[in-house]
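Laboratory data are not the source of any read-out in this text; all were calculated from the coordinates shown. What you are looking at is a predicted structure, and each value in this text was computed from that prediction instead of being measured. Glycine also receives a Cβ, built like all others from the backbone with ideal geometry; neighbour counts cover every protein chain displayed.
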């Protein structure tokens, strides 16, 4: 802040001295704008920086599997942007977890010790937490690849030993065989209206075919023949049906490690991105997958642009909840 001062001096010689004195006594001063030349760069007393941003609210949208070193596999959840990563269950040593969200987003079905389990997911004091983990089905067999129905009432899975595709009530109970085969079955995936289930079936000549079972009629149709994967020497894996569209996504594992989409009505597969373990976003606009670079980061590809973004979180066998 600065001031401008006016000085009045009488023109009379006799009053010159008086005027000089009065000039100092009665100088008129007014405040003017402009920089202050004394301490103008000093911060105001008590000045502080902007307040810290609040933490991102926990919204466990993605379930996935990871482990530290050669230890047991962890079932983990995180927000869609990769924040709030939490372990909600640790599997028995040697077991692999393949998670599937319930359609209401409150529970996850998974495999532990080759049995079908269910765990509830809640946010307690801002932290995603797993509670009430329990065996849903123990057939003294080798169960794998659960897939929760979009209606919420059933969970599909495969019995590796019996080579069957089955469903069991989501609350537990007696399973029902939907399809059996002399060949190995894998990776069931429900249509959005829960009237069809896609699955992979091994071919004795090599490769895996993609088939669709219509539940109302028991009819099985072939979407993609086994020759597509057989010619690459890779296993066709990890089927997932889009939440809002009639399109499937799958990967071809090593040595190819590529992700494709294909319509359930059949047709040529469309290459999407290099990677493995794909799962659809709720709106069908993105696919989450495990990248091929060191660290196996979970990444997302936007189908409209092909742009890939990383969550910077390492993980496998992910499942993105339906809403």
| message | Compute the distance from the alpha-carbon center of the range 190-216 to that of the range 137-167, in whole Å. | response | 14 Å
| Given 25 °C and 0.890 mPa s, how large is the Stokes-Einstein diffusion coefficient of the range 212-323 in µm²/s, with Rh as the Kirkwood radius over Cα pairs? | 169 µm²/s
| query | Between the range 245-323 and the range 48-96, how many Å separate their Cα centres? | reply | 20 Å
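Using only C-alpha atoms and all pairs of different ones, pull out the Kirkwood radius for the range 62-320 in Å with one decimal.
Numbers: mean 1/r = 0.0546 Å⁻¹.
One decimal place: 18.3 Å for the Kirkwood radius.
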| Rg/Rh ratio calculated on Cα atoms of the range 156-268 (Kirkwood radius) | 0.96
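With a 10 Å radius around each residue's Cβ, average the other Cβ atoms per peptide and rank 231-241, 201-211, highest first.
So the order, starting with the most tightly packed, is 231-241, 201-211.
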| request: Determine, for each peptide in 57-67, 151-161, 123-133, the mean count of other beta carbons within 10 angstrom over its residues, then list the peptides with the highest first. | output: 57-67, 151-161, 123-133
| message | Starting from 0.36 nm per residue, how many nanometres of slack lie between residue 139 and residue 304 once their C-alpha separation is accounted for? | response | 55.0 nm
| Label 7 Å along Cα→Cβ of residue 131; the range 54-91 residues with amide nitrogen under 16 Å? | 60, 88-89
| said: Rounded, prolate or oblate for the range 275-323? Axes are the square roots of the Cα gyration tensor eigenvalues, ordered a ≥ b ≥ c, and the cut-off for rounded is a/c under 1.5. | reply: oblate
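Stokes-Einstein at 25 °C, 0.890 mPa s, Kirkwood radius from Cα pairs: D for the range 37-184 in µm² s⁻¹?
On the way: Rh = 17.6 Å.
Here the translational diffusion coefficient equals 139 µm²/s.
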